[in-house]
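The values are calculated or read from the model by the stated rules, or taken from the named source; none is laboratory data. Note that this is a predicted model, so its numbers are computed, not measured. Note that we place each Cβ from the backbone using ideal geometry, even for glycine, and neighbour counts take in every protein chain shown.
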Ligand SMILES: NC(=O)c1ccc[n+]([C@@H]2O[C@H](COP(=O)([O-])OP(=O)(O)OC[C@H]3O[C@@H](n4cnc5c(N)ncnc54)[C@H](O)[C@@H]3O)[C@@H](O)[C@H]2O)c1
């Protein structure tokens, strides 16, 4: 899909450090906007793939943009920071900030990149941090950069958090809900803001606020998902259907339907990490964030619930054969970082089940030996199937073939892709978390009856 290419306020030489989901997308998209972009990647395999004009990650539309950028001469890749920094007006840091055990992010990649960029700068340079970081990090990077920079070189660090969603990263870049630029002086902020088209929604603020916008946004999204899962759990107890309940809740314009789906919980490289980062930031300052903490707790419960429901249904998991369809943390990506599907596989193995898996794209090295070439081979002889990622192709599975390939008949559809009526017709026993069959003599009916009759009986 060709996205509109509005003109940025100015064309510039840009250096992007880190060619992961964020850096590579930013590099290719900035080049498409007309900037000259040099992207630095220190992983040699990744760099070799990029230099062949291929994308090392699965992200729709990215290959075409890389090819376009390279053939126009506006996009190039290097392993040497010295090749990219001296000509740059702005250097974007897009390196990983993975979680530490204490909830704070590991900022060592960022500190290394900031130091390398500052040391390579031959003139004044604006450094924009796209990596997700706790408030105060840009100011810390400012101090580190000043230390590393050569004499007479002035480094100004800005915050420019990234909000793209994997699987629609290119589209998100060209259609942002907002671009946030945090800087503590006007010139630095303008230098970053002017790289974007003026018609895109822009929020300018100070660095700490900008950093916190990213943490707070991801935390709110996580809270929405966890709230949906909490409601889904209540639906099971009440005898209601979470899909209908949440659809009805989401139709309220003040709430909205996005991130209000129930399932095996949130995952990916960002949400758990960033919510944990927000909680840890508050805790370190003596401020508690119980809403954010609850989002994490419910998420842990949502992942475990899938395995518990399966165990209840089969009696025991030990010695069973379970097929898990889907490994990516969501459809449309090959990313398996903190994927609920992978957690489900690990927990099934830990409880004595043998597991076979299939995912159309994701191929995590640690469980590659469990992967089958297609969904039907994965479910062959399975006592039960768990659908853990909402890939559209799983909605098209032939339920007759599914049923005849399996040994058992239980299917836990955690993401609601199957047609439960069609599956039931061929004899499959479909469990949909968040949905239970109402029975008449249930406490939810009996209690209101008692309350209603209180006055009469009194
Ligand atoms: N993935 C997302 O959906 C997403 C969305 C918004 C924000 N973020 C944030 O953006 C940051 C990057 O995320 P990502 O998913 O792109 O990470 P990633 O791990 O996919 O990519 C980081 C890349 O940087 C490279 N790198 C690290 N240090 C380097 C250095 N000194 N020189 C050259 N290359 C270096 C790594 O080899 C890797 O290829 C993180 O802070 C993340 O939280 C991610």
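General remarks:
- Single unsatisfied condition, residue 354 versus (1) farther than 20 Å from residue 217 by Cα; (2) crowded, with 23+ Cβ neighbours inside 10 Å; (3) modelled with pLDDT of 95 or more: (2)
- The residue that is nearest to residue 266 (Cα to Cα), counting only those in the range 318-332 that are within 16 Å of the ligand (Cβ to nearest atom) and crowded, with 24+ Cβ neighbours inside 10 Å, is 329.
- When the criteria are applied in full, residue 81 fails the requirement of being near the ligand (Cβ under 9 Å from one of its atoms), in contact with a helix residue (DSSP H, G or I) (Cβ under 8 Å, 6 or more places away or on another chain) and at pLDDT below 95.
- Restricting the range 7-37 to residues that are surrounded by fewer than 24 Cβ atoms within 10 Å (Cβ to Cβ) and farther than 12 Å from residue 195 by Cβ, the residue that is farthest from the ligand (Cβ to nearest atom) is 32.
- Only a single criterion out of (1) over 22 Å from residue 337 (Cβ atoms); (2) part of a helix (DSSP H, G or I); (3) under 31 Å from the mean Cα position of the chain (by Cα) is not satisfied by residue 422, namely (3).
- When each of 112, 187, 140, 121 is tested for being at pLDDT 95 or above and surrounded by 18 or more Cβ atoms within 10 Å (Cβ to Cβ), the lone residue that passes is 121.
- Only one of the listed residues (345, 400) is surrounded by 20 or more Cβ atoms within 10 Å (Cβ to Cβ) and either assigned by TED's automatic domain parsing to the domain that holds residue 222 or assigned to a strand (DSSP E or B) (or both). That residue is 345.
- Flag if residue 53 is over 27 Å from residue 189 (Cβ atoms) and within 11 Å of the ligand (Cβ to nearest atom): no
- The single residue among 359, 374 that is surrounded by fewer than 19 Cβ atoms within 10 Å (Cβ to Cβ), within 26 Å of the chain's Cα centre (by Cα), modelled with pLDDT of 95 or more and in the same structural domain as residue 223 (by TED's automatic domain parsing) turns out to be 374.
- Residues that are within 18 Å of residue 413 (Cβ to Cβ) and surrounded by fewer than 19 Cβ atoms within 10 Å (Cβ to Cβ) are absent from the range 276-287 altogether.
- Filtering 103, 150 for residues that are away from the ligand (no atom under 12 Å from the Cβ) and within 26 Å of the chain's Cα centre (by Cα) leaves a single hit, 103.
- Meets criteria (without any contact (Cβ under 8 Å) to a residue 40 or more places away in the chain, in contact with a helix residue (DSSP H, G or I) (Cβ under 6 Å, 6 or more places away or on another chain) and surrounded by 23 or more Cβ atoms within 10 Å (Cβ to Cβ)) for residue 41: yes
- The combined condition, being within 17 Å of residue 176 (Cβ to Cβ), assigned to a loop (DSSP other than H, G, I, E, B) and out of contact with any strand residue (DSSP E or B) (no Cβ under 9 Å at 6 or more places or on another chain), is not fulfilled by residue 54.
- Verdict on residue 162 being modelled with pLDDT under 95, within 11 Å of the ligand (Cβ to nearest atom), touching a helix residue (DSSP H, G or I) at 6+ places or on another chain (Cβ under 7 Å) and in the same structural domain as residue 30 (by TED's automatic domain parsing): no
- All told, residue 243 falls short of being more than 16 Å from the ligand (Cβ to nearest atom), in contact with a helix residue (DSSP H, G or I) (Cβ under 8 Å, 6 or more places away or on another chain), in a helix (DSSP H, G or I) and not assigned by TED's automatic domain parsing to the domain that holds residue 177.
- Residue 170 being within 16 Å of the ligand (Cβ to nearest atom), surrounded by 15 or more Cβ atoms within 10 Å (Cβ to Cβ) and within 30 Å of residue 266 (Cβ to Cβ): yes
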